1. Can you find even one residue in the stretch 343-362 that is outside the structural domain of Gln219 (by TED's automatic domain parsing), surrounded by 20 or more Cβ atoms within 10 Å (Cβ to Cβ), modelled with pLDDT of 90 or more and assigned to a loop (DSSP other than H, G, I, E, B)?
2. Arg174: among the basic types (Lys, Arg) and modelled with pLDDT of 90 or more, yes or no?
3. Do the conditions hold for Gly305, that is, is it of a type outside the set (A, V, I, L, M, F, W, C), surrounded by 17 or more Cβ atoms within 10 Å (Cβ to Cβ) and either assigned to a loop (DSSP other than H, G, I, E, B) or over 26 Å from the mean Cα position of the chain (by Cα) (or both)?
4. If only one of Ile368, Ile275 is over 25 Å from Thr169 (Cα atoms), outside any strand (DSSP E or B) and within 26 Å of the chain's Cα centre (by Cα), which one is it?
5. What strands (runs of 3 or more DSSP E) lie completely within the stretch 46-101 and have 3 or more residues being closer than 21 Å to Val192 by Cα and not assigned by TED's automatic domain parsing to the domain that holds Asn332?
6. Cβ-Cβ under 6 Å, sequence separation 6+ or interchain: first residue in the stretch 68-83 and on the phi > 0 side of the Ramachandran plot, partner at pLDDT 90 or above and part of a strand (DSSP E or B). Which pairs?
7. Within the set of pairs 6 or more residues apart or between chains, which connect a residue that is without any contact (Cβ under 8 Å) to a residue 60 or more places away in the chain inside the stretch 363-379 to a residue that is of a type outside the set (Asp, Glu) and outside any loop (DSSP other than H, G, I, E, B) with Cβ atoms less than 9 Å apart?
8. Could you pull out the residue among Gly210, Gly290, Gly229 that is in the same structural domain as Gly375 (by TED's automatic domain parsing), modelled with pLDDT under 90 and either out of contact with any Gly (no Cβ under 6 Å at 6 or more places or on another chain) or among the polar types (S, T, N, Q) (or both)?
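The values are calculated or read from the model by the stated rules, or taken from the named source; none is laboratory data. Not measured: the values here are computed from a predicted model. In this analysis, Cβ positions are derived from the backbone assuming ideal geometry, glycine residues included, and neighbour counts consider all displayed protein chains.
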Amino acid sequence: MRLPLRLVGFMLLTLFLGACNLLNNGDVPTPTSSSDNQRPVVTIISPANGAEIAVNVKADISVVAADTTGVTRVQLFVNGQVVKTVSSQTAGGDVTFSTLLDYTPPTLGTIQVQVYAFRGSISSDPTTLSLTVVQPPTSTRLPTTAPIIITSPPVVNPFDPTCRLLVNTSLNLRTGPGINYDRILTLNANTVVPITGRLGDNSWWQVRVGTTTGWVSNQFITLYGNCSGVIIPPIPPTPTPRVGATVTPSVTVAAPTAVPPTQTPTSPPLPDLVITTFNGSETLVLGAGGTPVTSLYTVVITNTGGGMAAQFNNIVNISPPSTDYQLGVVGNLSASQSVTLTINLTFSAAGTYTLQARADNLSQVTEISEVNNLGLFTVTVTNPP
């Protein structure tokens, strides 16, 4: 008996959808296609729903977002609070946008993670998963008489002296150091490539991908290794505008009375990173027998300037002795936006300690002022009675 062609097609489609449901197993919601509702969609690639992550250790959440027009940004929420925002470097967004969203859990327990993708102000449905925060192995604790903190391991080997970079989000590889140069290809998030050159201000890096050499922006990467000897290679000539393109003159001739000879073009607004909150326990008591005591400290960084601050690193310094501890990396911080970072500090000796939080300690962001990036806090640790 022959079945009608439409019925055969319907049966094949039903089998295909059933197989997809088995692959997704219902743990992680699968967003509907954007062609159905004209909204972006986002999928969490890893970790799996129900996975365990370590307290005070950075966890990377890999996501892929898509939209028929372009994904402009992706946001990570933990227990209803936004903890990470990564924006597209392409004007109008990317049709496919992959990125790593990092989060360092400060406390034990179960957390609810949600990821949204945006096209301008239009958001996707959230993709949600549950993670369990557990204690890391005891071997990660460092026996010392100085204050200690459990920090997250880097994505790549920190002891390899080779100068290289980690791609934090989907990133264009270009023929020269600027967005006016042609795009060669797009590097996926979590790609590690060797560095072969740089601009004098380190705003663009020349890298080698297989047999291809190109340039990437410093705003979307993390450096590793010893990069002090990286050369400044010859810069490719500025691309010639394509035939038929409209070229806007860079200088407008005007009457001398209207434009004084000394007038300079208006510069874009700059960001200004300020630590607006630094709090926690001011007095601590060591445990029985002088065992170490741990306390949570909170640092709030606000961009009080008019421009967006691209990726920047942050630390907490403890003195004595003068030791730096990683507070975390912020992907992007728009004007008037704040980000809250937390850190667990473990003190193992009595004394008075000065804590100094530093925003953008690597001077990755050009700001209005570089002298207001500090926050101070004093902690007194005493022996048990």
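1. yes
2. On the way: among the basic types (Lys, Arg): yes; modelled with pLDDT of 90 or more: yes.
Considered against the rule, which asks whether it is among the basic types (Lys, Arg) and modelled with pLDDT of 90 or more, Arg174 comes out as yes.
3. Numbers: of a type outside the set (A, V, I, L, M, F, W, C): yes; surrounded by 17 or more Cβ atoms within 10 Å (Cβ to Cβ): yes; either assigned to a loop (DSSP other than H, G, I, E, B) or over 26 Å from the mean Cα position of the chain (by Cα) (or both): yes.
So Gly305 passes the test.
4. Matching residue, one of Ile368, Ile275: Ile368.
5. Numbers: elements: 52-54, 59-71, 73-78, 81-87.
Correct list: 59-71.
6. Listed pairs, sorted by first residue: Asn79/Ile111; Asn79/Gln112.
7. Pairs found: Ser363/Phe312.
8. Exactly one residue qualifies, and that residue is Gly290.
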